[in-house]
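A.B. asks: Before I ask anything, let me first share the structure, which is written out below as structure tokens.
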Amino acid sequence: MISKACMNPSFAGKYQLNANQEMKDQETCLKRDALIGFWSTKAKDGEKIAQQMKDFYTGDYEKDKGAKLDIVLEIPDDQNADFEKSMQLVGQNFSKIA
């Protein structure tokens, strides 16, 4: 039996980050992009984030490779520590929004 908590996660962790932050090398950039994609699937408005990223990479990014892509991810409360650790591992800056 699945508990109600698993079916209805609490989205208490809200994070803002620049998903186009300059990274130290291409490999780290690709890892960061994969992690953001992964966390977008877990986020409250993951489909909107995925669309925002698609629009950015087919629009503003084509005009300016260094343009900012500010996104907000609302991560289930029980996964906040994992999200933070994964972002720190690749060197992605983020801010936790209260």
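A.B. asks: Place a point 7 Å from the Cα of Gln79 along the Cα-to-Cβ direction; which residues of segment 42-64 have their backbone N under 13 Å from it?
C.D. replies: Once the point is set 7 Å along Cα→Cβ of Gln79, 42-47 turn out to lie under 13 Å by backbone N, inside segment 42-64.
A.B. asks: Heavy atoms only, probe 1.4 Å: what % of the accessible area of the chain goes to carbon and sulfur, would you let me know?
C.D. replies: Within the chain, the accessible surface is 51 percent carbon and sulfur.
A.B. asks: Determine the per residue accessible area of the chain with all protein chains present and a 1.4 angstrom probe, expressed in square angstrom. Intermediate values should be presented prior to the final figure.
C.D. replies: Values: 6600 Å² over 98 residues.
Each residue of the chain exposes 67 Å² on average to a 1.4 Å probe.
A.B. asks: So between Thr41 and Lys68, what do we pick up on full extension, going 0.36 nm a residue minus the alpha carbon distance?
C.D. replies: 7.6 nm
A.B. asks: Please give the peptides 54-60, 14-20, 40-46 ranked by average Cβ packing (other Cβ atoms within 10 Å per residue), highest first, as a rough proxy for protection.
C.D. replies: The peptides rank, most packed first, as 14-20, 40-46, 54-60.
A.B. asks: Which percent of Cα-Cα pairs in segment 39-98 sits in each 5 Å bin, short to long?
C.D. replies: With 5 Å bins starting at 0, P(r) equals 4, 16, 22, 24, 20, 10, 3, 0.
A.B. asks: Can you tell which of Asn80, Leu35, Ala67 lies farthest toward the positive end of the dipole of the chain, using +1 and -1 charges on the Cβ of basic and acidic side chains (Lys, Arg; Asp, Glu)?
C.D. replies: Towards the positive end, the residue furthest out is Asn80.
A.B. asks: Excluding same-chain residues fewer than 8 positions from Lys44, which aspartates and glutamates have a Cα within less than 15 Å of its Cα?
C.D. replies: Here the aspartates and glutamates satisfying the reach criterion relative to Lys44 are Glu74, Asp77, Asp78.
A.B. asks: What lysines could a cross-link reach from Lys42, if we take a straight Cα to Cα line under 29 Å and drop same-chain neighbours fewer than 8 places away?
C.D. replies: Lys4, Lys14, Lys24, Lys31, Lys54, Lys65, Lys68, Lys85, Lys96
The values are calculated or read from the model by the stated rules, or taken from the named source; none is laboratory data. Keep in mind that what you see is a predicted model, and the values were worked out from it rather than measured. Methodologically, a virtual Cβ is constructed for each residue, glycine included, from the backbone with ideal geometry; neighbour enumeration extends over all protein chains shown. Just the protein is used for accessible areas: all its heavy atoms, side chains included, with ligands, DNA and RNA removed. Shrake-Rupley method; radii C 1.70, N 1.55, O 1.52, S 1.80 Å.
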